[in-house]
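Trainee: Quick one: the structure is below, questions incoming.
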2 protein chains.
Amino acid sequence: MRPVGVAVLGLGNVGSEVVRILNDSADDLAARIGAPLVLRGVGVRRIADDRGVPTELLTDDIDSLVSREDVDIVVELMGPVEPARKAILSAIAHGKSVVTANKALLSQSTGKLAEAAEAARVDLYFEASVAGAIPVIRPLTQSLAGDTVLRVAGIVNGTTNYILSEMDSTGADYASALADASALGYAEADPTADVEGYDAAAKAAILASIAFHTRVTADDVYREGITGISPADVTTARELGCTIKLLAICERITKGGKQRVSARVYPALVPLTHPLATVNGAFNAVVVEAEAAGRLMFYGQGAGGAPTASAVTGDLVMAARNRVQGGRGPRESKYAKLAIAPIGDVQTRYYVSMDVADKPGVLSTVAAEFAAHEVSIAEVRQEGVVDDDGQLIGARIVVLTHRATDAALSKTVAALAELDAVQRIASVLRMEGTD
Amino acid sequence: MRPVGVAVLGLGNVGSEVVRILNDSADDLAARIGAPLVLRGVGVRRIADDRGVPTELLTDDIDSLVSREDVDIVVELMGPVEPARKAILSAIAHGKSVVTANKALLSQSTGKLAEAAEAARVDLYFEASVAGAIPVIRPLTQSLAGDTVLRVAGIVNGTTNYILSEMDSTGADYASALADASALGYAEADPTADVEGYDAAAKAAILASIAFHTRVTADDVYREGITGISPADVTTARELGCTIKLLAICERITKGGKQRVSARVYPALVPLTHPLATVNGAFNAVVVEAEAAGRLMFYGQGAGGAPTASAVTGDLVMAARNRVQGGRGPRESKYAKLAIAPIGDVQTRYYVSMDVADKPGVLSTVAAEFAAHEVSIAEVRQEGVVDDDGQLIGARIVVLTHRATDAALSKTVAALAELDAVQRIASVLRMEGTD
């Protein structure tokens, strides 16, 4: 049987693990595919003999590697958007199927890549781009292909989940929890992509695209990071029976018979009884709600070399099977072409905490402002604020609302900030998972 | 575009929901497939106008329906092994792809059905046969196709999980918890298939087959039901920080370089900290442990018309896409041909509870019997047993072992039963999920 040739681009944690699996499980993979998988070359920036791969397999000439006649499938694990985009488009143009974990690229260019793959009649698989080892893409595109997905909500970034778990369990502030995450290798030197929610937003775009058969790019995703979360927020969350999680949420919003898609990333209060509340540390989980299936949850390791390599190799075996047995994997489905709902139209519950003057009538003034903007209050608490010597220096009001639009809430908060009685809006957080 | 013709066999809860989805989501399904899905007929035992389907679509002539020229895919939801087997084989022989949820049939005849599908070059999909709406088959066959699955452990029977959850939360005995389950429609008039573990064993056989690329039938699965679980077992489980769950376990056992498969179903103590411990009521969950992926968990509704119909319709859309776009779904993979390990070779931990004479030396005699069979004791408790009037009438010894083979434990229990000091072996239960 003619072997299936594989080129791997990138030899970091994930690439090294993929190469290891190709070696260690060669017989099993061949039996599952019906032909041997043969590694033709590994594209790297630096060729050296300490890379764990025979030097003759290494090349820094990506262009030549992806166009080799004996390469059938290109596995792209280089990371940044460029030169990955160029390499993938070149591979597709040369008739190679592509497996990638590149969420940043996919969330910018999913349409362009999908169209190129369609034109060349090759496969484009990307299970590893969201939630590492956890099968999420395949269940959404295939298992739920006959159902109507209503909502996808996930913890899809391990770095921020580690930081928030740490803040929750130790009372640490954001800076020291981030330092811990860095020391343990859970956060990169420049943590911006993770802590500002860009990574989660890229994944939200991918999930929304496949769940709702609509092209959603990272730019369509509303995004807030976790850098503003304070120990006081975490404490208040606990008092409300909640924990704070950075959520990626993709939702089908139906209003007046018209359907739109909301995709958003932000830290939110999650009730401790919700399945996502118990997902701690570097783990990921995705909850899918569909009309017929009800609520499903997928849980596991969302990052790391070996778990991500598991997802990559699964895709690789599927692409190879298609080469050997004929046929192709699922293609882009974008027929629904739903509009993107702006964040202002999205309804959630909110928690607003503000420092106020400690005098009569403040609570009623604050409550009136919520009412004026038609934001209904579910729960309100007022407590004294003391200084380090225990002297009462003011008061804090915490309001938990019923569901309201983001637009109404924003106007309410702006109006509250103008009130003489309100010294400072300390925190505004959304609450999810209580429906 | 030529439509894809569908025949549905069986119009129970699931069949009715599938027909409803085909109607209500016709436009979406057509867009996803690239051609309309058209219901050609529904095979039933009784034709009547109260079935929610136009009478002209109903037929009791299954043979004619599955061989119709304009039928491309047959969805088998009739239930029992026969006449389902005959109908499926006839459909395949006529070149139809088949979607089925029939676990009993699959676990008896997976090889025969797969071979027929292979010979006819048609698809055979069965996602709905295990854990209802929860994608399990597809993640195992596709997403983990590049990984090495070590273990699959699941709660895959909602009836028994409801009964055990009820016993745990209310202290009810087995008979009254079963009566509750029946009243709520969670248990059938004859609950044998559920409570004796036959249903879970069929699912274990299917899971083991695909996880380990080996044909495993229901007869290969060791099986114990839950009818012997007493309120005292539940109480003791709680005292040990555990709950009792009926587990389906499929495990790769490596010994002396030789690999074998163990597939088994039994009630077991599960630590409350284990993810499966929190799966209550009629829900299902499957935990998969793979070499590279680590531990994954899939959770959701494991039964019911709509959830099961979601899985069936997902398969139906995939089979239809293959018809329209060319190609076929994954086929049976049985290359590994691992031997089945007998239950005697399986290692787990055990909890043994026995009534003993309340006199000196009994504990040491009992402990010596464990030692003689090389079963190591992890924890032991001795307590007094009192009658209804509070009179001390004997003692009970509860032993929790370290991991030991089932064979060694069986010999130990047999030897204990022979001891004069032991009046009665009250309970022997396995403990899982502590590694």
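Trainee: Considering only the range B:279-325, state which residues are in contact with a Lys or Arg (Cβ under 8 Å, 6 or more places away or on another chain) and of a type in the set (Asp, Glu).
Mentor: B:Glu289
Trainee: Considering only helices (runs of 4 or more DSSP H) fully contained in the range B:1-106, which possess at least 2 residues that are farther than 26 Å from B:Asp194 by Cβ, more than 14 Å from chain A (Cβ to nearest Cβ) and without any contact (Cβ under 8 Å) to a residue 40 or more places away in the chain?
Mentor: Where helices (runs of 4 or more DSSP H) fall fully within the range B:1-106 and carry at least 2 residues being farther than 26 Å from B:Asp194 by Cβ, more than 14 Å from chain A (Cβ to nearest Cβ) and without any contact (Cβ under 8 Å) to a residue 40 or more places away in the chain, they are B:62-66, B:81-93.
Table: residues versus (1) at pLDDT below 95; (2) among the small types (Gly, Ala, Ser); (3) open to solvent by less than 10 Å² (accessible area, probe 1.4 Å); (4) farther than 16 Å from B:Thr110 by Cβ.
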{"site": "B:Ala201", "(1), (2), (3), (4)": "no, yes, yes, no"}
{"site": "B:Ala204", "(1), (2), (3), (4)": "no, yes, yes, no"}
{"site": "B:Ile210", "(1), (2), (3), (4)": "no, no, no, no"}
{"site": "B:Thr214", "(1), (2), (3), (4)": "no, no, yes, no"}
{"site": "B:Asp219", "(1), (2), (3), (4)": "no, no, no, no"}
{"site": "B:Glu224", "(1), (2), (3), (4)": "no, no, no, yes"}
{"site": "B:Thr227", "(1), (2), (3), (4)": "no, no, no, yes"}
{"site": "B:Asp233", "(1), (2), (3), (4)": "yes, no, yes, yes"}
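Trainee: Among A:Thr243, A:Thr254, which is outside any loop (DSSP other than H, G, I, E, B) and either within 14 Å of chain B (Cβ to nearest Cβ) or open to solvent by 50 Å² or more (accessible area, probe 1.4 Å) (or both)?
Mentor: The match here is A:Thr254.
Trainee: When residues of the range B:279-301 are filtered for being open to solvent by less than 10 Å² (accessible area, probe 1.4 Å) and part of a loop (DSSP other than H, G, I, E, B), how many remain?
Mentor: 3
Trainee: Moving to a separate point now. What number goes with the only condition from (1) touching a Phe, Trp or Tyr at 6+ places or on another chain (Cβ under 8 Å); (2) open to solvent by less than 40 Å² (accessible area, probe 1.4 Å); (3) part of a strand (DSSP E or B) that B:Val428 does not pass?
Mentor: Status for B:Val428: all satisfied but (2).
Trainee: Give me a count of the residues in the range A:115-128 that are of a type outside the set (Asp, Glu), open to solvent by less than 20 Å² (accessible area, probe 1.4 Å) and either free of Cβ contacts under 8 Å to residues at least 60 places away in the same chain or assigned to a helix (DSSP H, G or I) (or both).
Mentor: 2
Trainee: For the condition within 13 Å of chain B (Cβ to nearest Cβ) and free of Cβ contacts under 8 Å to residues at least 40 places away in the same chain, what is the one hit in A:Ser143, A:Ser182, A:Ser176?
Mentor: A:Ser143
Trainee: Here's another thing I want to ask about it. Looking at (1) under 27 Å from A:Leu296 (Cβ atoms); (2) within 12 Å of another protein chain (Cβ to nearest Cβ), which is the only condition B:Gln259 fails?
Mentor: B:Gln259 satisfies every listed condition except (1).
Trainee: How many residues are assigned to a strand (DSSP E or B) and open to solvent by 10 Å² or more (accessible area, probe 1.4 Å) if we restrict to the range A:262-278?
Mentor: Residues that pass the stated criteria total 1.
Trainee: Being touching a residue at least 40 places away in the same chain (Cβ under 8 Å) and not in a helix (DSSP H, G or I) is true for just one of B:Ala395, B:Ala378, B:Ala407. Which residue is that?
Mentor: B:Ala395
Trainee: Identify all residues within the range B:308-317 that are at the interface with chain A (Cβ under 7 Å from one of its Cβ atoms) and open to solvent by 10 Å² or more (accessible area, probe 1.4 Å); write none if there are none.
Mentor: Listed by number, the list is empty, since nothing qualifies.
Trainee: Let me confirm something: among A:Ala371, A:Ala357, A:Ala303, which residue is more than 9 Å from chain B (Cβ to nearest Cβ), farther than 23 Å from B:Ala311 by Cα and within 20 Å of the chain's Cα centre (by Cα)?
Mentor: Criteria check complete, one pass: A:Ala303.
Trainee: Do the conditions hold for A:Ala131, that is, is it open to solvent by less than 10 Å² (accessible area, probe 1.4 Å) and either more than 14 Å from chain B (Cβ to nearest Cβ) or not in a helix (DSSP H, G or I) (or both)?
Mentor: yes
The values are calculated or read from the model by the stated rules, or taken from the named source; none is laboratory data. Nothing here was measured: the structure is a model prediction, and the numbers come from that model. Glycine gets a Cβ as well: all are built from the backbone with ideal geometry, and neighbour counts include every protein chain shown. For accessibility, only protein heavy atoms count, side chains too; no ligands or nucleic acids. Shrake-Rupley method; radii C 1.70, N 1.55, O 1.52, S 1.80 Å.
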